[in-house]
Amino acid sequence: MALLFYSEVDDGEAWRRELMRRLPGLEVRLWPDLGDPKGIEAALVWRPPRGLLASLPALKAVFSLGAGVDDLLADPTLPDVPLCRMVDPSLVATMGDFLLAVALYYHREFDRYAELQRACRWQTRLPRPLAETRVGVMGLGEIGAPVAERLRDAGFTVRGWSRTRRSLAGVACFAGATERDAFLAEVDVLVCLLPLTPETRGVLDAELFARLPAGAALVHVGRGGHLVEEDLLDALDRGHLRGAWLDTVPFEPLDADHPFWRHPRIRITPHVAGYGLPETGAAFVADNLQRLRDGRPLRGLVDRARGY
Ligand code: GLV
């Protein structure tokens with residue numbers, strides 16, 4: 001069986017090595033070395049060019065290198081074969097590391113110290129107990145739930161919101177449209193980890209920001225399509241929001257002349273918060289390939305109608 005690998009931001013050689021170590025008979029072809037497309041039965045991809053997957057006549061399954069599959073579903077030529085998202089402990093771990101660091105950044109006020117440094121002012125701000133910072137996680141799925149637990153275990157006060165009700169020990173959980181505003185009302189650091197679906201497109205808008213307490217920060221690690229850019233700029237410029245850490249933006253890569261780059265209250269990272277690493281992610285993909293061969297149910301199967 002041959003698998004096509006496509007990603008401009010992952011280490012293809014490492015994925016090939018880790019996959020072949022687990023499935024010695026597997027042939028991993030790194031794009032653009034497709035060879036004979038008729039031999040390719042599976043694809044492991046991140047944001048492939050439109051039409052690439054449709055050009056593989058023997059394709060039996062598509063595996064996403066990311067947990068989010070919105071980009072694949074937006075391809076009108078996506079073949080009608082099973083589509084699986086990445087389910088991998090390293091994706092949860094890297095996202096958890098990232099969010100812990102950013103939540104601490106706001107908790108320990110590194111944003112304010114940066115402003116003070118620009119003004120050459122030596123001014124002490126006394127540290128507060130970690131539990132005084134309320135982190136709100138929107139999206140309590142495969143990544144959001146364990147990440148909320150990790151932030152809780154670190155000592156933050158954690159609240160969570162999801163479309164359907166979830167229950168996590170020590171995390172105040174809210175669900176659905178009717179409980180959204182109650183969730184937002186007591187959040188100092190809002191983390192967006194929602195999947196991008198027609199329902200969630202544009203959720204990070206003026207109306208939502210207005211529900212947050214004055215001085216809250218946004219940490220956006222979902223998808224650019226959740227964010228209404230001008231509403232964010234307005235909330236920051238009016239001082240309602242204290243800052244925003246954007247790991248994802250509506251158009252990636254972010255244009256060099258985009259105002260986000262130079263905004264004093266915005267921090268940008270280039271979509272790096274959570275990564276499925278080959279050392280562990282390959283175990284998940286290899287298991288799914290074996291399942292595909294054996295005709296057993298695949299793991300991480302996407303419900304296309306739901307969008308994740
Ligand atoms: C990253 O954005 C992912 O979908 O895993």
If you go through segment 250-261 one residue at a time, do you hit one that is under 20 Å from Tyr308 (Cβ atoms) and within 16 Å of the ligand (Cβ to nearest atom)? yes
Can you tell me how many residues in segment 264-296 are more than 15 Å from the ligand (Cβ to nearest atom) and exposed (fewer than 15 other Cβ atoms within 10 Å of the Cβ)? 6
Which residues, taken from segment 40-81, are over 27 Å from Ala273 (Cα atoms) and hydroxyl-bearing (Ser, Thr, Tyr)? Ser55, Thr77
Filtering segment 175-223 down to residues that are β-branched (Val, Ile, Thr) and buried (at least 24 other Cβ atoms within 10 Å of the Cβ), which residue is farthest from the ligand (Cβ to nearest atom)? Val187
Give me the pairs: first residue in segment 260-284 and within 13 Å of Thr248 (Cα to Cα) and modelled with pLDDT under 95, second residue of a type in the set (D, E, K, R) and away from the ligand (no atom under 11 Å from the Cβ), beta-carbon distance under 9 Å, and six or more apart or on different chains, which are they? none
Say whether the condition of being touching a strand residue (DSSP E or B) at 6+ places or on another chain (Cβ under 8 Å), at positive phi and in contact (Cβ under 8 Å) with a residue 24 or more places away in the chain is met by at least one residue in segment 208-220. yes
Could you please let me know if Val171 is in the same structural domain as Ala103 (by TED's automatic domain parsing) and within 21 Å of Leu246 (Cβ to Cβ)? no
Within segment 140-176, which residues are aliphatic (A, V, I, L, M) and either touching a Pro at 6+ places or on another chain (Cβ under 6 Å) or under 20 Å from Arg223 (Cα atoms) (or both)? Leu140, Ile143, Ala145, Val147, Ala148
Among helices (runs of 4 or more DSSP H) entirely within segment 12-117, at least 1 residues that are within 16 Å of the ligand (Cβ to nearest atom) and surrounded by fewer than 20 Cβ atoms within 10 Å (Cβ to Cβ) occur in 70-73, 89-107
Filter result (surrounded by 20 or more Cβ atoms within 10 Å (Cβ to Cβ) and not β-branched (Val, Ile, Thr)) within segment 153-172: Phe156, Arg159, Gly160, Trp161, Ser162
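The values are calculated or read from the model by the stated rules, or taken from the named source; none is laboratory data. It should be emphasised that the depicted structure is a prediction, and the values quoted were computed from it without experimental measurement. Positions of Cβ are generated from backbone atoms using ideal geometry, with glycine treated the same way; all protein chains shown enter the neighbour counts.
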